[in-house]
1. Please enumerate, by chain and number, the lysines with C-alpha under 25 Å from the C-alpha of Lys190, excluding those fewer than 8 residues away in the same chain.
2. Taking the Cα centre of each part, how many Å lie between the stretch 168-184 and the stretch 26-63?
3. Using alpha carbon centroids, what distance separates the stretch 104-124 and the stretch 1-20, in Å?
4. Given the peptides 10-19, 42-51, 219-228, arrange them by the average over their residues of other C-beta atoms within 10 Å, most packed first.
5. Per residue of the stretch 182-189, in order, report the coupling 6.51 cos²θ - 1.76 cosθ + 1.60 (Karplus, θ = phi - 60°) as ³J(HN,Hα) in whole Hz, putting x for Gly and Pro.
6. Which net charge results when you count Lys and Arg as +1 and Asp and Glu as -1 among the other residues whose beta-carbon is under 12 Å from that of Thr263?
7. For Lys7, what charge total do you get from the other residues with a beta carbon under 9 Å from its beta carbon, if Lys and Arg give +1 and Asp and Glu give -1?
8. Mind putting a number on the dipole of the stretch 63-202 about its Cα centre? Charges go on the C-beta only, +1 for Lys and Arg and -1 for Asp and Glu, and I need it in Debye to the nearest 20.
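The values are calculated or read from the model by the stated rules, or taken from the named source; none is laboratory data. Here the structure is a predicted model, which means the values were calculated and not measured. Glycine gets a Cβ as well: all are built from the backbone with ideal geometry, and neighbour counts include every protein chain shown. Only protein heavy atoms, including side chains, enter the accessible area calculation; ligands, DNA and RNA are left aside. Shrake-Rupley method; radii C 1.70, N 1.55, O 1.52, S 1.80 Å.
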Amino acid sequence: MLVRFTKMHGLGNDFLVLDTVTQKVKVNSAIVSRLADRNFGVGFDQMLIVEPPTNPDMDFRYRIFNADGSEVEHCGNGARCFAKFVRDKRLTAKETIAVETQKGPIYLTINEDRQVIVDMGVPVLEPQQIPFSADHQAATYPIDVAGQTVQISAVSMGNPHGVLVVDTVDKAPVEAWGPALESHPKFPAKANIGFMEVISGAEIRLRVYERGAGETKACGTGACAAVVAGRLRGLLDEKVTVHLPGGTLLIEWAGAGEPLIMTGPATTVYEGQIFI
Ligand SMILES: N[C@H](CCC[C@H](N)C(=O)O)C(=O)O
């Protein structure tokens, strides 16, 4: 079956966006991982599926598959691309778009300078709900990696994240520690692993080794999790500029019980067709 797709990215975190509102197509883990291959397929970090909503109060359903074929709860950079896609394709004319995800509703707004503002929801810190193996909630937890015990923060943005503070992201052990921590037994559903360098209370640099995709140029939920971790550690303010290898996001968080607000760009690279 030949289907239309759109190739997009959020700060270099790249996506194949598939509209199943206007074309009837079903995907599964095997199809996703075949198409994700950068030699034998299109190549992407995640596939984003645009579906009609199951809840009549929402505008769309948004499904996310990592390159390894795993379906996941949330993707922040993908949410910005989702908003641009449905507006550019005239699937909606709404200013603010209500979208169903596995983690619950998210709300997307495209502002006057074409940046996309995403209400990323309230972070979850209760270990069992992240999920993370710990008997009580804390700002950091000891975890063993590469023969060392380090302090990691654990946060869910709907998807699980571990966040480490490093002196400099340029020398962070992303390649060595990323896979080990992604699959660490203390993260029973695996995790996205952030390596955060604190420049000031209002500015950080961040690299993320993503669950199911490896290191990406940017990670929206990872940027949110890093800000939460930094606030829990008393290192960051309410408004933080997050510098990722692919570019910069603005993350705002008023504190416990409040949602994080992410602002950043979304880019369409090309339109294509592919046999599924
Ligand atoms: N790898 C993530 C999903 C994509 C998140 C990332 N691309 C973002 O922008 O938030 C996970 O397995 O939870």
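1. Once the sequence-local lysines are set aside, what remains near Lys190 is Lys103, Lys171, Lys217.
2. Here the answer is 27 Å between Cα centres.
3. Here the answer is 19 Å between Cα centres.
4. Values: 10-19: 24.7, 42-51: 21.6, 219-228: 31.5.
Highest-to-lowest ranking by the protection proxy: 219-228, 10-19, 42-51.
5. Whole-Hz 3J(HN,Hα) from phi for the stretch 182-189: 4, 10, 5, x, 6, 10, x, 9.
6. Around Thr263, the surrounding residues sum to 0.
7. On the way: positive: none; negative: Asp14, Glu271.
Residues near Lys7 contribute -2 overall.
8. Numbers: 12 positive and 17 negative charges, 115 e Å.
Dipole about the Cα centre, nearest 20: 560 debye.
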